[in-house]
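To start, the structure itself, in structure tokens.
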Amino acid sequence: MNTSPQFPSAASTTVGTTLEEHIMAGQRGSPGATGDFTSLLSSVSLAVRIIHSRVRAAGLAGMLGYTGHTNVQGEAVQKLDMFANEVLCTVFERSSHCAVIGSEELDELKLSDPMGRYVVLFDPLDGSSNIDVNISIGTIFAMLRVPQGSDPADIAASLQPGRLIAAAGYAVYGSATTFVLTTGHGVHCFTLDPNIGEFFLSHPNMRCPDTGSIYSINEGNSCRWAPPVKRWNEWIKTEDKATGRPYDHRYVGSLVGDAHRTMMKGGIFAYPPDSKNPKGKLRLLYEANPMAFLFEQASGAATNGIDRILDIQPTDVHQRTPLVLGSRNDVATFRQFMLGER
Ligand code: AHG
Ligand code: MN
Ligand code: MN
């Protein structure tokens, strides 16, 4: 049974707590840990730092713009999408602990090391439409164990519900590069010191406020929403001091940016189904599930509007889902509208 690791505090010392120290503390707190998990998390840290360096100079390194290809999602692939995907695939393949790789930019799941005990699923570059306009973009990942006795080549080993996630996180390449991680023992945020290439613990034990004052949704889709979503949208914009309404509206169009703000300040992010995306736009395995796991670890909530995201049984690597995440009370209110209770 995992005891709760005793993570080093972010106490003000001359030298802060590094991401590696935090990961190692987690290993020490997990009886029977073999170090495989620790090694995989270190691989993610390396990949994020490499992507960070390329993003920072993308405009100078000819890394802006499109490759001319479209991915399995039917979306135009940007040069940074492919670069980030190649970096993540390389570090995971070299780790020898990864049995299966799933990526937004890979048509199919990719078998890696037959002795590996983990499945890694990732969105290598989230917010691609914002690359050329210098708005925050990111990387999102989830790690799951290959179920005991199952064959990694069996797709079922990768199509596990999100509640079985072992680790999840995201990087935001914004005004600073931050790395938000959970291994099931709370959510901790690290900030990159670009001068030394090291992540330092900056926000230990992140907690999403129970209620917020910001809502985040693409209002441009409002004509395509179902009536309950339209009613919720009108409700949240109606003046009512007792319930802190109207909420402020913020939407940057990168899930990592909108989710990170919601994690820090509270409120609600919603990408509901609409007539253009009847199953929702966001992908379950490498966008919704990791974010849902993180928000629940931070006392927040994540649903498809009604049901818990982490209980959804996946049927396809790239399946889409509606996603509503954020402060538990705001997500619950949205659910009441969807159920016709408001
Ligand atoms: P990606 O760049 O990985 O395809 O993800 C884009 C997603 C997500 O980041 C964001 O929340 C959403 O697309 C924005 O969609 P709209 O532009 O339709 O609002
Ligand atoms: Mn994405
Ligand atoms: Mn992407």
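Points to keep in mind about this one:
- Listed by chain and number, the lysines placed with their C-alpha closer than 26 angstrom to that of LYS279 are LYS110, LYS230, LYS237; residues fewer than eight positions away on the same chain are left out.
- Convex hull projection area averaged over all views, the chain, Cα basis, nm²: 17.8
- When the stretch 196-268 is reduced to its Cα atoms, the Kirkwood hydrodynamic radius in Å: 14.1
- Computed over the alpha-carbon atoms, the stretch 10-203 gives an Rg to Rh ratio of 0.97, Rh here being the Kirkwood radius from the mean inverse distance.
- Packing order of peptides 233-241, 165-173, 196-204, 17-25, highest average first: 165-173, 17-25, 196-204, 233-241 (average count of other Cβ atoms within 10 Å over each peptide's residues).
- Computed over neighbours whose Cβ is under 9 Å from that of ASP274, the net charge equals +3, Lys and Arg +1, Asp and Glu -1.
- The protection proxy used here, the mean number of other Cβ atoms lying within 10 Å of each residue, ranks peptides 111-122, 272-283 as follows, highest first: 111-122, 272-283.
- Cα centroid separation - the stretch 95-158 against the stretch 218-240, whole Å: 34
- All distinct Cα pairs of the stretch 69-174 go into the 1/r average, and the inverse of that average, the Kirkwood radius, is 14.3 Å.
- Check: the chain dipole with +1 on Lys, Arg Cβ and -1 on Asp, Glu Cβ, in debye: 740
- For the stretch 302-342, the direction-averaged projected area of the alpha-carbon convex hull comes to 3.1 nm².
- FRET efficiency for ARG308 and THR211, using Cβ-Cβ distance with R0 set to 22 Å, rounded to 0.05: 0.70
- Residues of the stretch 131-262: accessible area per residue with a 1.4 Å probe, Å²: 42
- Converting the Cα gyration tensor eigenvalues of the stretch 214-338 into ellipsoid dimensions via √(5λ) gives semi-axes, longest first, of 22, 17, 13 Å.
- Spin-label model distance (nm) - ALA242 vs THR67, 7 Å beyond Cα toward Cβ: 5.5
- Peptides 84-95, 251-262 ranked from most to least packed, by the mean per-residue count of other Cβ atoms within 10 Å: 251-262, 84-95.
- Using the alpha carbons alone, the radius of gyration of the stretch 134-262 stands to its Kirkwood radius in an Rg to Rh ratio of 1.06.
- Farthest toward positive dipole pole in the chain [+1 Lys/Arg, -1 Asp/Glu at C-beta], among PRO272, GLY138, VAL256: PRO272
The values are calculated or read from the model by the stated rules, or taken from the named source; none is laboratory data. This is a predicted model, so every value here is computed, not measured. Quick reminder, even Gly has a Cβ in these numbers, built from the backbone with ideal geometry, and neighbours come from all protein chains shown. What goes into the accessible areas is simple: the full protein's heavy atoms, side chains included, and nothing from ligands, DNA or RNA. Shrake-Rupley method; radii C 1.70, N 1.55, O 1.52, S 1.80 Å.
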